[in-house]
1. What do you reckon, is residue 297 surrounded by fewer than 19 Cβ atoms within 10 Å (Cβ to Cβ) and touching a residue at least 12 places away in the same chain (Cβ under 8 Å)?
2. Select from the range 213-231 the residues that are over 15 Å from residue 81 (Cβ atoms) and surrounded by fewer than 20 Cβ atoms within 10 Å (Cβ to Cβ) and write down the one among them that is nearest to the ligand (Cβ to nearest atom).
3. Scan the range 242-255 residue by residue and report those that are closer than 22 Å to residue 293 by Cα and buried (at least 21 other Cβ atoms within 10 Å of the Cβ).
4. Quick check: is even one residue across the range 339-354 under 25 Å from the mean Cα position of the chain (by Cα), at pLDDT 95 or above and surrounded by fewer than 20 Cβ atoms within 10 Å (Cβ to Cβ)?
5. Cβ contacts < 7 Å: first residue at positive phi, restricted to the range 91-115; second residue within 16 Å of the ligand (Cβ to nearest atom), any location; separation 6+ or different chain. Result?
6. Taking residue 234 and the conditions (1) touching a strand residue (DSSP E or B) at 6+ places or on another chain (Cβ under 6 Å); (2) part of a helix (DSSP H, G or I); (3) within 16 Å of the ligand (Cβ to nearest atom), which numbered condition does it fall short on, given that it satisfies the others?
7. Among the numbered criteria (1) part of a loop (DSSP other than H, G, I, E, B); (2) within 25 Å of the chain's Cα centre (by Cα), which one does residue 30 miss?
Ligand SMILES: *Cc1c(COP(=O)(O)O)cnc(C)c1O
């Protein structure tokens, strides 16, 4: 027996060695604090849980869901886009329900790219964009995100022959892992570029509702004409602390949304209808106050992390959104050496930047999804460990 040859295209799992060291420290009885994973420690709002409980009791919901998302769920996504971004969507042709956006990101790639195609992927980035393009047989062209350019890709630097072969371009602002945000100018530039070269612009808006210092994220679909070439992924995972629930939507260009829906109806059967009904309640319950309260908490945590790192002399790009702090490794260390050292010396896990692409080398990512008191302890330990490094 052998696995398919395409599986060889998957890069080695970078966290394997780290997992081994974490396990070793725990076996030794150390209290390991994990700041490596971006997964909210906070609870889903009560009214959403109540809605799920009620919906779960309805036998109608025990049957196969509508594969593309129930009309009511897709309507509520369209309504939310209107209310939140002033973007108008046709629920039936311009939205499709997803079992989390990771699922949609992967399957959109299979629907839109294959051998001979190029997929333009930010580096560093959420690993799914590149790994799915590789599995689908497409070529990945990395677009470096550097501090000098505020972690925005330089579209002018993409060679002409790559532009003509490109079928998809990924952007993700507010950005994981760098925490960077993009303004309307960059979104307009990306739309212009993709229109010119007939490339599907794919926007991952996973961190839409997380913002500090008054920052509020916008949708790429706010750019006039964007719908001609853009799709966007909106997930309930991060805004509503629903990562385990698996519910999101892809919206925008009807050709791409339709192709994704056709592929999905041939391979999955949609998200649990009760979860869709709870998601409708989440989106229509005027969640602004909930987001504000949550953002205040993340902001407190951001300040604890940023203040500690700055006191250690680290130069940190200001973080206005996401629950990540992206910072350079202490002098001379690679990302994986630095994160190994922090586990061994401080019993704190942070992600090595190189896990998100070659241009993440020299950086580390701290996630703020850890109870505030534990986060403060972790940062204290990191301070002490830094004293040894220098
Ligand atoms: C968390 C995350 C996702 C995954 O979201 P799900 O809807 O839970 O699948 C997608 N993209 C980015 C950049 C993320 O950080």
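1. On the way: surrounded by fewer than 19 Cβ atoms within 10 Å (Cβ to Cβ): yes; touching a residue at least 12 places away in the same chain (Cβ under 8 Å): yes.
So residue 297 fits the description; yes.
2. It comes out as 215.
3. 242, 245
4. Scanning the range 339-354 turns up no residue that is under 25 Å from the mean Cα position of the chain (by Cα), at pLDDT 95 or above and surrounded by fewer than 20 Cβ atoms within 10 Å (Cβ to Cβ).
5. Here the result reads 100/235; 100/237; 100/246; 100/247; 100/248, each pair linking the range 91-115 to a residue that is within 16 Å of the ligand (Cβ to nearest atom).
6. (2)
7. In the conditions (1) part of a loop (DSSP other than H, G, I, E, B); (2) within 25 Å of the chain's Cα centre (by Cα), residue 30 misses (2) alone.
Residue-by-condition table, conditions (1) in a strand (DSSP E or B); (2) within 27 Å of residue 286 (Cβ to Cβ); (3) at pLDDT 95 or above:
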{"position": "217", "(1), (2), (3)": "no, yes, yes"}
{"position": "221", "(1), (2), (3)": "no, yes, yes"}
{"position": "240", "(1), (2), (3)": "no, yes, yes"}
{"position": "244", "(1), (2), (3)": "no, yes, yes"}
{"position": "249", "(1), (2), (3)": "yes, yes, yes"}
{"position": "258", "(1), (2), (3)": "no, no, yes"}
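The values are calculated or read from the model by the stated rules, or taken from the named source; none is laboratory data. Note that the structure is a prediction, hence the values are computed from the model and not measured. Here Cβ is always computed from backbone atoms with ideal geometry, including for glycine, and neighbour counts include all displayed protein chains.
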